[in-house]
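> Could you have a look at this structure, given as structure tokens, before my questions?
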Amino acid sequence: MSKAIVSSLYDSDVFKMACRQFDKAADAINLPEDLRDRTKYPRRCLAVSLPVRRMDGSVTVFEGYRVQHNVSTGPSKGGIRFHQHVTLGEVAALAMWMSWKTSLVGLPYGGAKGGVIVDPTLLTPTELEHLSRRYMQEMVNFFGPHTDVPAPDVGTNERIMGWMMDTYSNHVGHLSPAVVTGKPISLGGSLGRREATGAGVAYLTKKYLEDLKIPLNKTTVAIQGFGNVGSETAIALAAYGAKIIAISDYTGGIYNAKGIDLKKALNYIRTQKTLKDFDGGEPIANEQLLELKCTVLAPAALERVITDKNAKKLKCRVLAEAANGPTTNAADKIIEERGDIELIPDVLCNSGGVVVSYFEWLQNLSSFYWSRDEVMQKLFGILDKAKDSVDVQKKKFGFSRRLAALTLGIQRVADAKAARGLFP
Ligand code: NAD
């Protein structure tokens, strides 16, 4: 028996959290010792310097990362984050979760993630374009439709994916839309991709509410983070009949017991960029939002916001993890012991995004495009299957829903590694 010899490269609270989740799941399925470390640790990572000419003529060098966690089960897949607090350890943890997620929902992918340490709101559109193109240029030999396929995450969007796809295509000398997903429709993006993650969160939440026999028209929802995932989750849950009573972004939140006017909030964001001073309800702090009495709480921003400090104070019936890694391991334990909250774990809850990214990739590779209805119908079919498999695993072994989801995802990756040998 040998243990991995690992450096402090990824050392961070969030990477440790992902590793502890893995260890718990590996113990639960008695994963053979010689498979553990190579299933757990990232396959490789790349760190790059990204010099960008600013509008005032000066040059700023940004730091960017890509971590390919698992490439044994297909091209690695995962978003690129632009945020001022990005670290290599965070990117590695997010890459690890991508591996379990793609595997859980049965996609022919591995897992990866990328990031750049930058506050994108402080860049002009031209500076953002230069940074995005430079990131792809530095990593051009690392990405490819059959090696590693990025997508949007926090702080990135369709436009950025378009610039990255164009940079890659110019390098290889022909249009290569399948190298990136989450692109604008005009560049081969899929209908339904923009709303896919939130639509998936809402669909699974609806399914769990039905299991609990809670009617949608008696459901109240609080959502932390009103970006791509948070806003689309709100729109879809409201369309199902739920009342959205609180939303927030990094500037703070808004509470309205009568229900937030989502159209008004979206229009406000379009012009003002943030929810600051939005007059659709009373102001509320992000920490307060998490502790609101509501049927569904959906953290849809960053990691580690539900902690041992607030887990005891949650007053929701369903915790829908729209974000990746929103709940610390200590909080997870408290929620399990409480037993009164249905937790939909991140790797299942927000998997709609990568499922429709897969559809986009398939459409790009075959140059044959689907209708939005087709996309949504296929998405919900895959989510139904994943939900059922998680709930069967939960019941069969008496696991928490998170442990059920992780054990399924990890087992598939480990099986592929065992069958392939030591190299991939
Ligand atoms: P986004 O950049 O579009 O939105 C992020 C939102 O979170 C913004 O409203 C931002 O203001 C808010 N926010 C940032 N810091 C905050 C804080 N400290 N407190 C409260 N709000 C804060 O990003 P996104 O794509 O919506 O991603 C949100 C989460 O969903 C992330 O965890 C991401 O990894 C996960 N996710 C995204 C996708 C996708 O398709 N975009 C897919 C799966 C999972």
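> Taking the chain as a Gaussian network, where each spring joins two C-alpha atoms under 10 Å apart, which residue of Ala330, Ala404, Ala300 fluctuates the most?
Ala330
> A further question follows. How about Lys312: which lysines have a C-alpha closer than 16 Å to its C-alpha, ignoring those fewer than 8 places off in the same chain?
Cα-Cα hits under 16 Å: Lys293, Lys333.
> Shifting gears a bit: Between Gln68, Gln224, Gln21, where does the largest GNM mean-square fluctuation fall for the chain, given springs only between Cα atoms within less than 10 Å?
Gln21
> With just the Cα atoms defining each centre, how far is the range 370-408 from the range 235-314? Give it in Å.
What the calculation gives is 26 Å, centre to centre.
> Average the reciprocal distances over every distinct pair of alpha-carbons in the range 194-349, invert the result, and give the Kirkwood radius in Å.
When all Cα pairs of the range 194-349 are included, the Kirkwood radius is 15.1 Å.
> With only alpha-carbon pairs counted, each pair once and no self-pairs, how large is the Kirkwood hydrodynamic radius of the range 13-176 in angstroms?
16.4
> Oh, and also: Please give every one of the aspartates and glutamates within straight-line cross-link reach of Lys3, meaning a C-alpha to C-alpha distance under 12 Å, and leave out same-chain neighbours fewer than 8 residues apart.
Qualifying aspartates and glutamates at Cα under 12 Å: Glu33, Asp34, Asp37.
> If you stretched the chain out fully between Lys395 and Val172, how much longer would it get, using 0.36 nm times the residue separation minus the C-alpha to C-alpha distance?
75.3 nm
> Still on this model: Helix-only mean residue ellipticity at 222 nm, the chain, DSSP H runs n ≥ 4 weighted -39,500 (n - 2.57), per residue, nearest 500. What is it?
That comes out to -14500 deg cm²/dmol.
> What FRET efficiency, computed as 1/(1 + (r/R0)^6) with R0 = 35 Å and r the Cβ-Cβ distance, is obtained for Gln377 and Lys333, rounded to the nearest 0.05?
Approximately 0.40, to the nearest 0.05.
> With the contact rule set at Cα under 8 Å and sequence spacing of 6 or more, what percent relative contact order holds for the chain?
17
> May I pose another question? Rounded to the nearest 0.05, what FRET efficiency do Glu210 and Asp261 give with R0 = 30 Å and r taken as the Cβ-Cβ distance? Could you check?
0.65
> Another question about this same structure. Set the Förster radius R0 to 22 Å, insert the Cβ-Cβ distance between Asp340 and Asp388 as r into 1/(1 + (r/R0)^6), and round the FRET efficiency to 0.05.
Step by step, r from the Cβ atoms, then E = 0.40.
> Which percent, nearest 5, of DSSP beta bridges in the chain are antiparallel?
Bridges in the chain that DSSP calls antiparallel: roughly 50 percent.
> Out of the trypsin sites (Lys or Arg not before Pro) in the range 281-355, which ones are loop residues according to DSSP with at most 16 other C-beta atoms within 10 Å?
Answer by residue number: Lys309.
> Same structure again: Can you say what percent of the DSSP beta bridges in the range 13-176, counting only those with both residues inside, are antiparallel? Round to 5.
65
> Sticking with this structure for a sec: Would you give the gap between the C-alpha center of the range 153-204 and the C-alpha center of the range 50-81, rounded to a whole Å?
16
> Just need the relative contact order of the range 13-176 here, percent rounded to a whole number, with Cα pairs under 8 Å and 6+ apart.
Worked out over the range 13-176, it gives 23 percent.
> Could I ask something else about it? Springs between alpha-carbon atoms under 10 Å, Gaussian network over the chain: tell me which of Gly252, Gly64, Gly78 tops the mean-square fluctuations.
Among Gly252, Gly64, Gly78, the largest mean-square fluctuation in the Gaussian network model of the chain belongs to Gly252.
Coordinate-derived values only; no laboratory data. This is a predicted model, so every value here is computed, not measured. In this analysis, Cβ positions are derived from the backbone assuming ideal geometry, glycine residues included, and neighbour counts consider all displayed protein chains.
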